[in-house]
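Visitor: The structure that follows is given in the form of structure tokens.
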Amino acid sequence: MSTQYFSLEGLEKLKKELAERRGEVRTEIARKISAAKELGDLSENAEYGEAKEMQGLNEGRIIELEELIKNGVVIGPHQKLESVVVGSTVKVKSERHGEQKFTIVGAAESNPSQGFISNESPLGTSFLGKKKNEAFEVKTPGGVVTYKILEIV
């Protein structure tokens, strides 16, 4: 598993999901399994099969969350940066898109429509290491776009 980067808020969301899956979700699935067992023959019991599948998916997600929390790297707000790093918010300008603001985050927190782009995406990767006033080209599905870094926060 490659290193995943998280904001403090993102890490807290993962911890909250983990707690819910260990507690409430496990309890609800156990209740469904118990109720399905009471219906009789398990070999032809769709409710039992569905509950066991839910249990497997939940336990798989718990393991995934535990790994993310254990191995994830927390990124914080940076001040007076010389170049773009994971956690930076950058204000950029391009002829095609005008001025835009992006925050470089780990893949797990990526949400391009909200301006959170992954450090592993083509755009995020191209921003990393760039300095204020630096212009560079990025190959996108719509063609090559030239961006200029206006500000790094």
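Visitor: Going down the list Lys70/Lys93; Lys13/Lys52; Lys13/Lys101; Lys13/Lys91; Lys70/Lys139, which pairs span over 32 Å between their C-alpha atoms?
Guide: Working: Lys70/Lys93 37 Å; Lys13/Lys52 26 Å; Lys13/Lys101 23 Å; Lys13/Lys91 26 Å; Lys70/Lys139 34 Å.
Pairs exceeding the cut-off: Lys70/Lys93; Lys70/Lys139.
Visitor: Once you wrap a convex hull around the alpha carbon atoms of the range 5-74, what is its projected area averaged over all directions, in nm²? Could you put the intermediate results ahead of the total?
Guide: Numbers: hull surface 19.0 nm².
That works out to 4.7 nm².
Visitor: How big is the dipole moment of the range 95-152 about its Cα centre under a simple scheme where the beta carbon of each Lys and Arg is +1, that of each Asp and Glu is -1, and everything else is neutral? Debye, nearest 20, please.
Guide: Value, rounded to 20: 120 debye.
Visitor: A further question follows. Would you mind ranking Arg21, Arg61, Arg96 by Cβ crowding within 10 Å, fewest neighbours first?
Guide: Ascending number of Cβ neighbours within 10 Å: Arg96, Arg61, Arg21.
Visitor: Right, another one. Quick check on the chain: helices-only [θ] at 222 nm, where DSSP H runs of length 4 and up contribute -39,500 (n - 2.57) each and the sum goes over total residues. Nearest 500, please.
Guide: -12000 deg cm²/dmol
Visitor: Along its three principal axes, how long is the chain when you only count alpha carbons? Whole Å, largest extent first please.
Guide: 70, 33, 23
Visitor: Using Cβ counts within 10 Å as a stand-in for footprinting exposure, how do Phe127, Phe6, Phe136 rank, fewest first?
Guide: Ascending number of Cβ neighbours within 10 Å: Phe136, Phe6, Phe127.
Each value in this text was obtained by applying a stated rule to the coordinates, not by laboratory testing. All of these numbers come straight from a predicted model, not from anything done at the bench. Ideal geometry is used to build each Cβ from the backbone, glycine not excepted, and the neighbour counts take in all protein chains shown.
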